[in-house]
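**Q** Mind having a look at this structure? Questions to follow.
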């Protein structure tokens, strides 16, 4: 009796998933390759094989399988997104952007697409575009800690570390201690605080990251050592990023603080002086009017 290709395909997929559960990538790849040979247009097998190869940094091979999955299931945008990720990881930033730009145009509410778009725009030197996509991704998935780490990396690298630090604060406060994304979030928030010249806050986050991940996949120990070395060398100057963030944060209340707390009254007094000499709201010579007003007011 001849074998049934679909039945054989299903058996291959069962073997592949069993091997993946056991951590046997070699057996899983062999079973998935057999499944693809039996049913070349099976998106599930193609996608699973692509994911396995991407984890092994075999980006070109993975991209080919995701492309086949996308061709088999064109209505499923996640295959195109995975293909773009492979291109990006493999160094083809422009090729990845060509795919992602279409995804964000067609699926504007997909946070994952915006996260990758932000990363790609930054790699292309467009910091403003990167921040736009990062902020959109943050809006679309505000409670996703793992996704927020990806967003936060773009925010820090694009020059807005304050937004990254503020975004991660409530997420870390409510994160489960065993959340696998927690250590990476702690490392990133430490980087944001360091960029803002908040050394104590940065050091505290990096120590917490080491407690959460003793294997230190995020490099917290190296960052902490660098911070301590800089402090020992007397490096305490305010960074340009810190100064920018300070004034950006203060901008909304600048006028009220200036007039109410500091009681700055020069504009009001100058206007009173102008009214006193009769120039009102319009005059032919601004220089003459100010000089005349100053003489009267003085």
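**Q** Of the residues 57, 45, which single one is part of a loop (DSSP other than H, G, I, E, B) and closer than 28 Å to residue 150 by Cα?
**A** Only one candidate passes the filter, namely 57.
**Q** Find all pairs meeting these conditions: Cβ atoms under 8 angstrom apart; at least six residues apart or on different chains; first residue within segment 68-95 and closer than 14 Å to residue 116 by Cβ; second residue modelled with pLDDT under 95 and part of a loop (DSSP other than H, G, I, E, B).
**A** Final answer for the pair search is 77/107.
**Q** Follow-up. Tell me yes or no: at least one residue of segment 110-122 is closer than 30 Å to residue 229 by Cα and either touching a helix residue (DSSP H, G or I) at 6+ places or on another chain (Cβ under 8 Å) or not in a loop (DSSP other than H, G, I, E, B) (or both).
**A** Looking through segment 110-122, at least one residue is closer than 30 Å to residue 229 by Cα and either touching a helix residue (DSSP H, G or I) at 6+ places or on another chain (Cβ under 8 Å) or not in a loop (DSSP other than H, G, I, E, B) (or both).
**Q** Residue by residue through segment 18-29, note down the ones that are part of a helix (DSSP H, G or I) and either free of Cβ contacts under 8 Å to residues at least 12 places away in the same chain or not assigned by TED's automatic domain parsing to the domain that holds residue 57 (or both). If you could, list the steps in order and put the result at the bottom.
**A** First, the residues of segment 18-29 that are part of a helix (DSSP H, G or I): 18-21, 25-29.
Across segment 18-29, the qualifying residues are 18, 21, 26.
The values are calculated or read from the model by the stated rules, or taken from the named source; none is laboratory data. Source: prediction; values computed, not measured. When we count neighbours, we look across all protein chains shown, and the Cβ atoms used for this are built from the backbone with ideal geometry, even at glycine.
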